[in-house]
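Undergrad: Below you'll find the structure I mean.
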Amino acid sequence: MVLDPVWTARREGRPRPADDLRDDGDVDYARVIHSAFFRRLQGKTQILNLGDSDFYRTRLTHSLEVAQIAGGLAMQLAGTFPHHPATAALPGRSQIQAIACAHDLGHPPFGHGGEVALNYAMRDAGGFEGNGQTLRILSRPSDAAPEAGVNLTRRSLLGVLKYPAPYTRLANPRLRPALQDGASVLRVLDVAASTPPKCYLDSEAAVVDWVLAPLPPHDRDRFTQIRDIDGKHAKTLHKSLDCSIMDVADDIAYGVHDLEDAIALGLVGAGDFRASVPPAATAAFSQPHERIVAALFGPAHERKAMIGALVHHFIASATFAEDAEFETPLLRHRVTLPDGPRAFLDALKDFIFAAVIRSPEVQQLEFKGQAMVVAVFEALQSDPARLLPLPWRDLYRRSGGDPRVICDHVAGMTDATLMKTYERLFAPRMGSVFDRL
């Protein structure tokens with residue numbers, strides 16, 4: 001099956017040299033990995049604070065691993081299900097790797113903590129959400145200052161669109177970003193109220209309209225459906241085929257590779273693992289539970305071998321699911337894990353979340369990061385004409401004073417740049433114009 005050429009279109013035309021033999025997926029992959037946004041991921045937190053070790057993963061290495069796993073998933077599915085109707089619609093390796101490498105471009109410094117902080121800072125100006133920021137980055141016009149977007153194909157943008165509904169449609173009005181009550185000295189974020197819905201930003205509505213334009217009306221209406229949840233933000237219900245591949249790959253990288261980091265750095269022990277990931281959770285795996293534990297918490301070479309075996313197990317388990325209500329192949333089919341492997345992977349993810357992400361050590365650093373992000377944003381917003389760097393100052397002026405420009409600037413910072421900016425603005429020591437950010 002050959003997909004409609006409309007899915008290879010770009011919002012801005014691209015001159016094609018006669019001797020350029022790459023396909024559109026190859027071009028998308030090159031555009032992502034050669035972008036400044038991608039390079040900055042090396043300086044952004046994955047889970048552990050940068051500087052804690054030279055071993056653990058950053059957003060960059062995580063994205064590269066997601067891309068490798070996503071490529072493996074596409075290849076495995078094509079080989080396992082050669083005659084399945086979804087196989088003909090699978091993306092090429094370069095295209096799915098472009099989508100996977102791009103999936104975290106919009107995440108701000110200090111990970112989820114930075115996302116919550118920017119959502120609070122933008123509470124009166126459309127909010128902030130990392131996945132929505134990714135789409136915004138990818139779709140900036142070529143004359144955008146100070147940085148242009150990446151100008152991917154329509155298909156790649158559809159693959160990156162994890163949550164096809166806007167912020168204002170999903171946001172629960174009772175969960176307005178706010179500070180906690182009761183603090184007498186510190187301004188402390190109410191994290192529950194300030195966590196954004198999973199969405200795209202309303203500012204990118206025209207981009208999403210363009211991405212979804214080829215869909216029949218019924219497919220578009222169904223694809224953009226949401227589900228209200230009492231006391232929480234609403235959620236979207238559907239993802240495209242390519243997005244589902246990236247999403248499964250992201251889950252595998254998070255559940256398995258972040259587990260490797262936590263074990264290697266001594267943040268979790270075998271007893272913790274046994275308590276959180278019982279034998280019933282690993283029943284679908286080919287090796288006994290105690291063998292898994294012994295290898296993960298044994299010599300480094302055995303741990304690496306087990307990590308590889310786990311990744312292969314999840315990739316080899318992947319299968320297709322179909323939603324016959326969709327007409328468009330890219331929406332009709334998606335990739336999923338069967339119940340057994342999915343339960344195992346969810347147990348690994350839940351273990352990492354409880355034992356590492358929610359640990360006091362990580363939460364204290366996240367707390368500090370949130371405070372610095374809000375402080376830098378509010379300082380720049382207080383006097384943009386004086387404090388914003390020149391290229392951003394010009395863009396802010398041309399935008400008519402849109403706070404989204406300040407948000408773009410702060411969200412694009414690495415952890416180190418954010419900390420240096422904070423120190424330059426607030427640290428009592430004397431700074432210098434020669435301090436490089």
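Undergrad: Hey, among PHE344, PHE353, PHE367, PHE326, which residue is open to solvent by 70 Å² or more (accessible area, probe 1.4 Å) and within 30 Å of SER240 (Cα to Cα)?
TA: Only one candidate passes the filter, namely PHE353.
Undergrad: A further question follows. Consider ARG358 carefully, then state whether it is closer than 30 Å to ALA78 by Cβ and under 24 Å from the mean Cα position of the chain (by Cα).
TA: no
Undergrad: Kindly establish whether LEU380 is buried (at least 21 other Cβ atoms within 10 Å of the Cβ) and either at pLDDT 95 or above or of a type in the set (Val, Ile, Thr) (or both).
TA: Answer is yes for this residue.
Undergrad: Kindly evaluate ARG334 against the criterion of being part of a helix (DSSP H, G or I), open to solvent by 10 Å² or more (accessible area, probe 1.4 Å) and charged (D, E, K, R).
TA: For ARG334, the condition - part of a helix (DSSP H, G or I), open to solvent by 10 Å² or more (accessible area, probe 1.4 Å) and charged (D, E, K, R) - is not met.
Undergrad: Considering only residues that are crowded, with 18+ Cβ neighbours inside 10 Å and either touching a Cys at 6+ places or on another chain (Cβ under 6 Å) or in a helix (DSSP H, G or I) (or both), which ones fall in the stretch 261-302?
TA: Residues satisfying the conditions are ASP261, ALA262, ILE263, PHE273, ALA281, THR282, ILE292, VAL293, ALA295, LEU296.
Undergrad: Please indicate, with yes or no, whether at least one residue in the stretch 99-116 is more than 19 Å from the chain's Cα centre (by Cα) and open to solvent by 10 Å² or more (accessible area, probe 1.4 Å).
TA: So far as the stretch 99-116 goes, no, none of its residues is more than 19 Å from the chain's Cα centre (by Cα) and open to solvent by 10 Å² or more (accessible area, probe 1.4 Å).
Undergrad: Hey, another quick one. Given the condition farther than 21 Å from GLY130 by Cβ and free of Cβ contacts under 8 Å to residues at least 12 places away in the same chain, answer yes or no: does some residue in the stretch 195-206 qualify?
TA: So far as the stretch 195-206 goes, no, none of its residues is farther than 21 Å from GLY130 by Cβ and free of Cβ contacts under 8 Å to residues at least 12 places away in the same chain.
Undergrad: Going residue by residue through the stretch 384-392, is there one that turns out to be in contact (Cβ under 8 Å) with a residue 40 or more places away in the chain, assigned to a helix (DSSP H, G or I) and open to solvent by less than 20 Å² (accessible area, probe 1.4 Å)?
TA: No: zero hits.
Undergrad: Then there's this: Looking at (1) of a type in the set (Gly, Ala, Ser); (2) open to solvent by less than 60 Å² (accessible area, probe 1.4 Å); (3) out of contact with any Leu (no Cβ under 7 Å at 6 or more places or on another chain); (4) within 30 Å of SER156 (Cα to Cα), find the lone condition where ALA234 falls short.
TA: Result: ALA234 fails condition (3) only.
Undergrad: Can you give me the number of residues within the stretch 337-370 that are modelled with pLDDT of 95 or more, aliphatic (A, V, I, L, M) and in a helix (DSSP H, G or I)?
TA: Counting residues in the stretch 337-370 that are modelled with pLDDT of 95 or more, aliphatic (A, V, I, L, M) and in a helix (DSSP H, G or I) gives 4.
Undergrad: For the stretch 172-188, does any single residue satisfy the condition of being among the small types (Gly, Ala, Ser) and crowded, with 18+ Cβ neighbours inside 10 Å?
TA: no
Undergrad: So which of ASP251, ASP219, ASP258, ASP242 is more than 23 Å from GLU325 (Cα to Cα), open to solvent by less than 20 Å² (accessible area, probe 1.4 Å) and touching a residue at least 24 places away in the same chain (Cβ under 8 Å)?
TA: Sole residue among the options that is more than 23 Å from GLU325 (Cα to Cα), open to solvent by less than 20 Å² (accessible area, probe 1.4 Å) and touching a residue at least 24 places away in the same chain (Cβ under 8 Å): ASP258.
Undergrad: Restricting attention to the stretch 176-201, which residues are of a type in the set (Asp, Glu) and out of contact with any helix residue (DSSP H, G or I) (no Cβ under 9 Å at 6 or more places or on another chain)?
TA: Within the stretch 176-201, just ASP181 meets the criteria.
The values are calculated or read from the model by the stated rules, or taken from the named source; none is laboratory data. Because the structure is predicted, anything quoted here is derived from the model rather than measured. No Cβ is skipped: glycine too gets one built from the backbone with ideal geometry, and neighbour counts run over all protein chains shown. Calculation scope for accessible area: heavy atoms of the full protein, side chains included, ligands and nucleic acids excluded. Shrake-Rupley method; radii C 1.70, N 1.55, O 1.52, S 1.80 Å.
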